[in-house]
Amino acid sequence: MRTASLLSLVIPMHNEAESLGQLFTRLATVLEPLKIPYEIVCVDDGSRDGTWDTLSLLRRTYPQLHLIRLSRNFGKEAALTAGLAHAEGDVVIPLDADLQDPPELIPELLQKWSEGADVVLAVRKSRPQDTWLKRHSAEAFYHLFNKLSPTKIHPNAGDFRAMDKAVVQTLSNLPETVRFMKGLYGWAGYPTAQVEYVRPERAAGTTKFNYWKLWNFALDGIFSFSTTPLRVWMYVGLTTAFLALAYGSWLLLRTLVWGIDLPGYASLMVSVLFMGGLQLFTLGLMAEYLGRIFQEVKRRPPYVIAQQQVAKTTPSHKISQKPQR
Ligand code: UDP
Ligand code: MG
């Protein structure tokens, strides 16, 4: 059995002022009886609704709050990356600010960690609050991702999980700018255990992810973790070339045997349009990878910190000065 000398929670927040009071009350109710020193790393991801001011106020009541304010909205993955980089705990648990990751599960996650699992996933047994479309599109995405990518991700686990310091270190050391966290967790590996829960409704406010954002998120995931689409396209190209060769030979033979006949406008148009479409699609596919290479070679950091207030309770020997990536 291992014990934690410090537990870190990491919470990315974008316009979550309404949830915060309830969030910290519930967190304190769960965490205080555990008798483990803890810090709550809150990353304000460019909120415009007073999240930062509310956090600064709440820090008077909860000295465990470590506040990080990003210079603008960088997206949840970047906010989470910032939080993980600054978490000092022996075990780190990221969770959403809207209480969809119930704090009451934390003791169970910690228990499995102390028994030796370096990663303990909180697995959604069911997600009744999500729409039919969201559930099914998510299912289809994870199925496709796991088919295409050598890195496997759990279809029913999000960011809510307990991770040993070593796992967090591994993640923080990954150099990429575009960070599809679920893929990165899968890539990192480590012995993993699971705990199940039913995902509740959002405590307040509305989701920050519309379908367009989710679509782009899915593209990021697939193109950052798989080169299978490129390879598939090699086979599509080969097959088309083979078919073209066969049809060309047949046309040649027909012309030689039966002589020249002019009609053929339809077949000509069809093949020109089909090949044109195929080539544009291929170009688009390659551009997905090219765009990603472009983003990565610039080596811009995934986030910029504008302001920071360290937790008053974190033991001073644990506070390290992190350079900005
Ligand atoms: N979030 C963030 N930056 C963003 C969007 C979301 O930090 O650009 C945070 C948000 O405040 C919440 C978590 O990410 O704590 C999950 O977001 P949300 O609840 O909107 O996602 P959903 O549960 O609907 O998938
Ligand atoms: Mg949510």
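Rule-based calculations on the coordinates, nothing more; no lab input. Bear in mind that the values here come from a model prediction, so they are computed numbers and not experimental data. FYI the Cβ positions are ideal-geometry reconstructions off the backbone, even for glycines, and counts take in every protein chain you see.
Neighbour counts of other Cβ atoms within 10 Å put D101, D261 in the fewest-to-most order D261, D101.
If a spin label sat at a point 7 angstrom from the Cα of D53 along the line to its beta carbon, the backbone N atoms of the stretch 1-23 nearer than 15 Å would be those of 15-18. At a Förster radius of 22 Å, what calculated FRET efficiency corresponds to the Cβ-Cβ distance of W215 and Q279, to the nearest 0.05? So, using R0 = 22 Å, E works out to roughly 0.40.
Counting only DSSP beta bridges with both residues in the chain, the antiparallel share comes to about 30 percent. Computed extension gain for T61 through M286, at 0.36 nm per residue and net of the alpha carbon distance, reaches 75.8 nm.
Specify whether the C-alpha gyration tensor of the stretch 1-96 places it in the rounded, prolate or oblate class, a ≥ b ≥ c being the square roots of the eigenvalues: rounded for a/c under 1.5, otherwise prolate if a/b is larger than b/c and oblate if not. Write out the running numbers ahead of the final one.
On the way: a/c = 2.26, a/b = 1.39, b/c = 1.62.
Here the stretch 1-96 falls in the oblate category.
Subtracting the Cα-Cα distance of I293 and L245 from their residue separation scaled by 0.36 nm leaves 13.8 nm. Here L243, L55 are placed in order of increasing Cβ neighbour count within 10 Å, fewest first, which gives L243, L55. Here's the list of lysines a cross-link from K312 could span, going by alpha-carbon distance under 27 Å and ignoring same-chain residues fewer than 8 apart: K35, K76, K165, K322. Compute the angle between helix 211-225 and the longest alpha-carbon principal axis of the chain, please, reported from 0 to 90 degrees and rounded to the nearest 10. On a 0 to 90 degree scale, this one is about 80. In plain terms, the residue of T255, T240 with the fewest other Cβ atoms within 10 Å comes first and the most crowded comes last, giving T255, T240. Modelled label positions at S267 and A204, each set 7 Å beyond Cα in the direction of Cβ, lie 7.0 nm from each other.
A DSSP coil position with no more than 15 other Cβ atoms inside 10 Å describes the following chymotrypsin sites (Phe, Trp or Tyr not before Pro) in the stretch 181-275: F209.
If you line up the long axis of helix 76-86 against the longest principal axis of the chain, both from Cα atoms, how many degrees apart are they, to the nearest 10? Between the helix axis and the principal axis of the chain, the angle is about 40 degrees.
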